[in-house]
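A.B. asks: I'd like to ask you about the structure that follows.
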Amino acid sequence: MNLRAGAPPIKGFIETSFVDWRGAVAAVLFLPGCDLACPFCHNYTLASDPDSYLTLELEAVLARLAEFAGWIDGVVVSGGEPTLHPGLDELLDRIKAAGFKTKLDTNGLKPGALQDLCRRGLVDMVAMDVKAPLEPLAYARAAGKAVDIAALAESIAFLIRGGAAHEFRSTIWPAWHGERELKAMGQALEGARAWTLQAMNPQNAWRPQALGEGAPYSQEDIARLQRELADPVLRAPHGQDA
Ligand code: SF4
């Protein structure tokens, strides 16, 4: 395999998680840095101050993962934003060579890297955050920065066209994600395999003041919005897997 750079630094390692890969037990690796500044981010020190974390040795992480062979279904590579690292392919390749499936968590702003990794068979599952309707102002508010909307659209289209097994995830806040916004997001995600809504929680958020006043969606609200607005845009489950 043609690898381009050294594997990126690993700044965090959860040995077993039941919540980071739907239907699977997975280890989770966290990579530093992010090109966004989402006000609700709960991993913000990884994005804003990655040097405050120790770097874990890849060989030590792989040795520990080997002890979990047969116990975990795969390894999630999360962040931060993993696709910022040119050596991500090497990390994924090492994980796959060790016998694990891989899942990539991404904000979708690097469609070229995403497509390259998927086409080379280095990623078995992609979870992409969709933070707002694909409108510049709405997205900038949710992402904390202006973003390349066309890049997001390209990543979404690649995944929906069958580029990889995937799940879209949206963390929603009532003042930002009402019915109009959720319908607009749903239009952009028409035909996806999975789109999961979750309530934005201002506790432990990076910049909770940016969220303004108000309470998060309740779990009952989330269940209703999932049922009424998110699930209907999904591709029928009898289709072929990506
Ligand atoms: S994309 Fe947003 S939520 Fe994800 S790590 Fe970056 S700042 Fe945090």
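Throughout, read-outs are computed from the coordinates displayed, never taken from laboratory work. Only a predicted model underlies this, so the values are computations on that prediction, with no experimental measurement involved. With ideal geometry, Cβ positions are generated from the backbone for all residues, glycine too; neighbour counts draw on all protein chains shown.
A.B. asks: Any idea which of ALA165, ALA157, ALA192, ALA151 is buried (at least 19 other Cβ atoms within 10 Å of the Cβ), of a type outside the set (Phe, Trp, Tyr) and within 28 Å of LEU117 (Cβ to Cβ)?
C.D. replies: Only one candidate passes the filter, namely ALA192.
A.B. asks: Being under 18 Å from LEU91 (Cα atoms), more than 16 Å from the ligand (Cβ to nearest atom), under 18 Å from the mean Cα position of the chain (by Cα) and surrounded by 15 or more Cβ atoms within 10 Å (Cβ to Cβ): is that true of ALA7 here?
C.D. replies: no
A.B. asks: For region 46-65, state whether one or more residues are away from the ligand (no atom under 14 Å from the Cβ) and touching a Leu at 6+ places or on another chain (Cβ under 8 Å).
C.D. replies: yes
A.B. asks: Sticking with this structure for a sec: Please give the number of the condition PRO111 fails out of (1) within 29 Å of ALA69 (Cβ to Cβ); (2) under 17 Å from the mean Cα position of the chain (by Cα); (3) buried (at least 22 other Cβ atoms within 10 Å of the Cβ).
C.D. replies: So the condition that PRO111 fails would be (1).
A.B. asks: Another question, then. Can you pull out every residue in region 117-136 that is surrounded by fewer than 16 Cβ atoms within 10 Å (Cβ to Cβ), more than 21 Å from LEU197 (Cβ to Cβ) and not basic (Lys, Arg)?
C.D. replies: Result: GLY121, PRO136.
A.B. asks: Tally the residues that are away from the ligand (no atom under 16 Å from the Cβ) and either closer than 15 Å to ARG227 by Cα or in contact with a His (Cβ under 8 Å, 6 or more places away or on another chain) (or both), restricting the search to region 169-184.
C.D. replies: Within region 169-184, residues that are away from the ligand (no atom under 16 Å from the Cβ) and either closer than 15 Å to ARG227 by Cα or in contact with a His (Cβ under 8 Å, 6 or more places away or on another chain) (or both) number 4.
A.B. asks: For region 66-79, name all the residues that are more than 10 Å from the ligand (Cβ to nearest atom) and surrounded by 14 or more Cβ atoms within 10 Å (Cβ to Cβ).
C.D. replies: PHE68, ILE72, ASP73, GLY74, VAL75, VAL76, VAL77
A.B. asks: Quickly run through region 37-61 and pick out the residues that are surrounded by 15 or more Cβ atoms within 10 Å (Cβ to Cβ) and in contact with a strand residue (DSSP E or B) (Cβ under 9 Å, 6 or more places away or on another chain).
C.D. replies: Within region 37-61, CYS38, PHE40, ASN43, LEU46, TYR53, LEU56, LEU58, VAL61 meet the criteria.
A.B. asks: Looking at region 1-59 only, could you name the residues that are in a loop (DSSP other than H, G, I, E, B) and hydroxyl-bearing (Ser, Thr, Tyr)?
C.D. replies: If the condition is that a residue be in a loop (DSSP other than H, G, I, E, B) and hydroxyl-bearing (Ser, Thr, Tyr), then TYR53, THR55 are the ones that fit.
A.B. asks: What residue, of ALA127, ALA143, ALA37, is within 16 Å of the ligand (Cβ to nearest atom), over 14 Å from the mean Cα position of the chain (by Cα) and within 27 Å of LEU182 (Cα to Cα)?
C.D. replies: Being within 16 Å of the ligand (Cβ to nearest atom), over 14 Å from the mean Cα position of the chain (by Cα) and within 27 Å of LEU182 (Cα to Cα) holds for just one of ALA127, ALA143, ALA37, which is ALA37.
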